[in-house]
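K.L.:
Below you'll find the structure I mean.
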Amino acid sequence: MTNAVAGLGLAPDAAMVTFPIEMFLPGSDIGPLDARRREIYDGLTRWRSAFDRAGDGAPPRLRVEGTSAEDALARFNHLMLINRWGDGLPLWPPTEERVNWILRGAAQSGERRLGTFPPRGGVTTVKSCAIALAMAGGRPEYLPVLVAAVEAFLDPESGSEALQAASGSAFPVVIVNGPIGPRIRLNAGFGCLGPDPQRPAGASIGRALRLLQQNLGGALPGIGTMANYGGLRYTNLVFAEDEASLPAGWPPHGSDRHGFAPGADSVSLAFANGATNIRRRGARKETPEEDALQGMHRMADFMRVPNMAGLAGYEHGTPGIIMIPGVVAQTMAGLGWTKASMREFFWEHSRIPLADLRRAGGPAWIEIDTSKVARESLALDPWPITARPENFVIVVAGGGHPTNSYWLQGYSPGVVGRPVALPVEFDRLIAEAERDLGPPAP
Amino acid sequence: MITLEFHDPSGAIEVKQPHAPRVAGLAGKRVGFVSNDQWQAYRMLPRLKALLEADFPSIEVLAVDAFPQGNGVIGSEETAALVKASGVDAVIIGNAA
């Protein structure tokens with residue numbers, strides 16, 4: 001995990017002695033420690049960094065040559081895989097021409113620094129985002145959302161530094177509010193978690209974010225990230241809230257969680273480690289009230305699990321994101337439900353009896369948690385899965401069909417919001433998208 | 001021939017400070033542990049303390065719990081200040097998995 005020291009501004013190597021995972025398991029034979037102790041002593045006395053000078057190692061431009069355009073493209077993609085810069089699917093070459101085209105979507109200079117990507121510490125600029133978006137098949141009008149998402153990702157409140165390397169397979173979820181969602185064809189309806197050729201923005205933005213996580217952040221499976229399963233990491237999850245279907249009086253998520261003005265363009269970033277479809281609708285002759293209440297219980301039942309990774313967000317983050325279709329939101333609102341009352345319901349009905357929690361070894365994890373609030377929650381029986389109802393994220397999205405809702409189980413120390421800044425010529429970019437892609441799908 | 005010239009997607013790394021200098025030898029030195037108390041550290045670090053003391057009779061090895069333990073605290077500035085104030089010559093950090 002040499003990434004960890006590079007992210008601190010140290011040279012990207014370290015005096016480290018590694019052993020097979022078996023030695024770190026309960027009841028293991030720690031004899032190899034005796035046999036290899038000289039390596040540890042050498043790390044304290046003889047080791048030298050291979051990087052003998054401080055400075056900024058800006059990489060050179062790269063080039064490939066091919067006998068035809070197709071051959072050159074194939075060689076480019078081979079080079080991406082050889083250098084561990086790809087994701088296994090074909091990429092666009094981030095040529096100067098394509099990157100400059102993407103940068104037309106920048107509200108700021110391409111050289112504007114956004115931070116360093118943890119844990120490896122790659123210097124991250126608006127241009128870095130444009131390079132990744134070019135590789136991911138993106139378009140310039142997507143860049144404002146990607147830049148805002150990267151800003152949120154790099155905020156220490158997001159917890160990204162730890163989650164990038166952790167074994168729990170966390171992936172970022174980016175919820176977009178405001179008119180920019182429909183303007184860039186970001187899906188909020190049927191199939192909003194993708195793929196969708198009619199509304200491809202989420203796939204490109206999320207894939208670009210993933211490429212940044214890997215190429216600047218060093219999150220290579222088994223090397224820089226110990227995520228056992230990865231999961232949903234080709235494109236992460238990037239979607240818009242279906243604001244057109246929000247019932248009267250229901251605030252958009254960006255306003256509800258972050259205080260952005262309704263109608264403002266914003267992103268909200270949280271991490272999840274699971275994705276579950278819930279058959280929400282009743283099966284037979286339920287009244288509207290029964291259908292709503294049974295659906296609420298069914299959703300809460302999916303939440304009532306000992307998700308020890310979720311402790312990371314117990315106090316300030318979220319236990320997860322529940323997505324409900326607009327048609328369901330309208331029905332629920334008609335019965336008097338609000339986002340706030342739904343959160344109260346989930347908080348109350350997702351609590352776990354302490355006896356069940358003990359059976360699963362949960363208290364040991366809670367006792368060592370850094371949050372005092374989390375540790376003190378062990379006094380509560382049944383145990384609430386999060387510190388307060390407000391931590392639940394409810395988003396209206398998923399199309400005009402009432403059967404399902406979707407639960408993104410949280411592994412999220414924070415939920416970070418950022419406004420989306422648009423370039424002056426954004427309207428022109430949208431017009432060019434219509435020229436290139438045809439009119440938006442209904 | 002078709003030539004494609006493009007940006008290196010791995011970006012730049014800034015090296016702001018060098019790693020700490022190594023000690024010339026461990027004999028007579030003061031060594032500490034910073035433990036996240038995970039992954040059998042409770043067995044492995046005491047074993048390493050015993051090995052160090054056996055291999056370097058004049059060494060002083062602090063107790064494994066001389067500094068705060070746990071993933072949530074070992075990376076903090078407070079812990080770093082405690083380590084510095086202890087006057088150790090070298091520190092062993094463990095365990096990651």
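K.L.:
Go through segment A:148-162 residue by residue and tally those that are in contact (Cβ under 8 Å) with a residue 60 or more places away in the chain and open to solvent by 10 Å² or more (accessible area, probe 1.4 Å).
P.N.:
Number of matching residues: 6.
K.L.:
Here is a further query. Could you check how many residues of segment A:117-161 are at pLDDT 95 or above and of a type in the set (Phe, Trp, Tyr)?
P.N.:
Number satisfying all stated conditions: 2.
K.L.:
Can you tell me which residues in segment A:308-338 are in contact with a strand residue (DSSP E or B) (Cβ under 7 Å, 6 or more places away or on another chain), more than 18 Å from A:GLU390 (Cα to Cα) and open to solvent by 10 Å² or more (accessible area, probe 1.4 Å)?
P.N.:
A:ALA309
K.L.:
Kindly indicate whether A:GLU289 is in contact with a Leu (Cβ under 7 Å, 6 or more places away or on another chain) and either open to solvent by 30 Å² or more (accessible area, probe 1.4 Å) or farther than 28 Å from A:LEU357 by Cβ (or both).
P.N.:
Yes: the conditions hold for A:GLU289.
K.L.:
Follow-up. Sort out which residues of segment A:119-151 are assigned to a loop (DSSP other than H, G, I, E, B), on the phi < 0 side of the Ramachandran plot and within 12 Å of chain B (Cβ to nearest Cβ), and write them in order of number.
P.N.:
Once the filter is applied, which keeps residues that are assigned to a loop (DSSP other than H, G, I, E, B), on the phi < 0 side of the Ramachandran plot and within 12 Å of chain B (Cβ to nearest Cβ), segment A:119-151 yields A:PRO119, A:ARG120, A:ALA136.
K.L.:
For segment B:1-35, which residues satisfy the criterion of being basic (Lys, Arg) and in contact with a Ser or Thr (Cβ under 6 Å, 6 or more places away or on another chain)?
P.N.:
Listed by number, the list holds a single entry, B:ARG22.
K.L.:
Regarding segment A:58-76, can at least one residue be identified that is within 32 Å of the chain's Cα centre (by Cα), assigned to a helix (DSSP H, G or I), more than 9 Å from chain B (Cβ to nearest Cβ) and modelled with pLDDT of 95 or more?
P.N.:
Checking segment A:58-76: at least one residue is within 32 Å of the chain's Cα centre (by Cα), assigned to a helix (DSSP H, G or I), more than 9 Å from chain B (Cβ to nearest Cβ) and modelled with pLDDT of 95 or more.
K.L.:
Continuing with the same structure: Looking only at segment A:90-123, which residues are closer than 28 Å to A:MET226 by Cα and in contact with a Lys or Arg (Cβ under 8 Å, 6 or more places away or on another chain)?
P.N.:
Answer for segment A:90-123, where residues must be closer than 28 Å to A:MET226 by Cα and in contact with a Lys or Arg (Cβ under 8 Å, 6 or more places away or on another chain): A:TRP92, A:VAL123.
K.L.:
Of the residues that make up segment B:72-81, is at least one modelled with pLDDT under 90 and among the polar types (S, T, N, Q)?
P.N.:
Yes, because at least one residue in segment B:72-81 is modelled with pLDDT under 90 and among the polar types (S, T, N, Q).
K.L.:
When the residues of segment B:66-75 are narrowed to those that are at the interface with chain A (Cβ under 10 Å from one of its Cβ atoms), open to solvent by less than 60 Å² (accessible area, probe 1.4 Å) and not aliphatic (A, V, I, L, M), which ends up farthest from B:GLN40 (Cα to Cα)?
P.N.:
B:GLY72
K.L.:
Given the structure, is A:PHE19 farther than 30 Å from B:GLU5 by Cβ and more than 7 Å from every other protein chain (Cβ to nearest Cβ)?
P.N.:
When the stated conditions are applied, A:PHE19 passes them.
K.L.:
So is B:ALA20 farther than 22 Å from A:ALA35 by Cα and either more than 10 Å from chain A (Cβ to nearest Cβ) or open to solvent by 30 Å² or more (accessible area, probe 1.4 Å) (or both) or not?
P.N.:
Yes, satisfied.
K.L.:
Related question: Taking segment A:97-116, which residues are polar (S, T, N, Q) and over 18 Å from B:ALA12 (Cβ atoms)?
P.N.:
A:ASN100, A:GLN108
K.L.:
Inspect segment A:204-221 for any residue being over 29 Å from A:PRO439 (Cβ atoms) and open to solvent by 30 Å² or more (accessible area, probe 1.4 Å) and give the result as yes or no.
P.N.:
So far as segment A:204-221 goes, yes, one or more of its residues are over 29 Å from A:PRO439 (Cβ atoms) and open to solvent by 30 Å² or more (accessible area, probe 1.4 Å).
K.L.:
Given A:LEU89, A:LEU81, A:LEU114, which one is at pLDDT 95 or above, under 29 Å from A:LEU429 (Cα atoms) and open to solvent by 70 Å² or more (accessible area, probe 1.4 Å)?
P.N.:
Of the residues listed, the single one that is at pLDDT 95 or above, under 29 Å from A:LEU429 (Cα atoms) and open to solvent by 70 Å² or more (accessible area, probe 1.4 Å) is A:LEU89.
K.L.:
Restricting the search to segment B:31-65, which residues are within 11 Å of chain A (Cβ to nearest Cβ) and either part of a loop (DSSP other than H, G, I, E, B) or among the acidic types (Asp, Glu) (or both)?
P.N.:
B:ASN36, B:ASP37, B:GLN38, B:TRP39, B:GLN40, B:ASP55, B:PHE56, B:ILE59
The values are calculated or read from the model by the stated rules, or taken from the named source; none is laboratory data. In this text, all values refer to a predicted model and were calculated from it rather than measured experimentally. Virtual Cβ from ideal backbone geometry, glycine too; neighbours counted across all protein chains shown. For accessibility, only protein heavy atoms count, side chains too; no ligands or nucleic acids. Shrake-Rupley method; radii C 1.70, N 1.55, O 1.52, S 1.80 Å.
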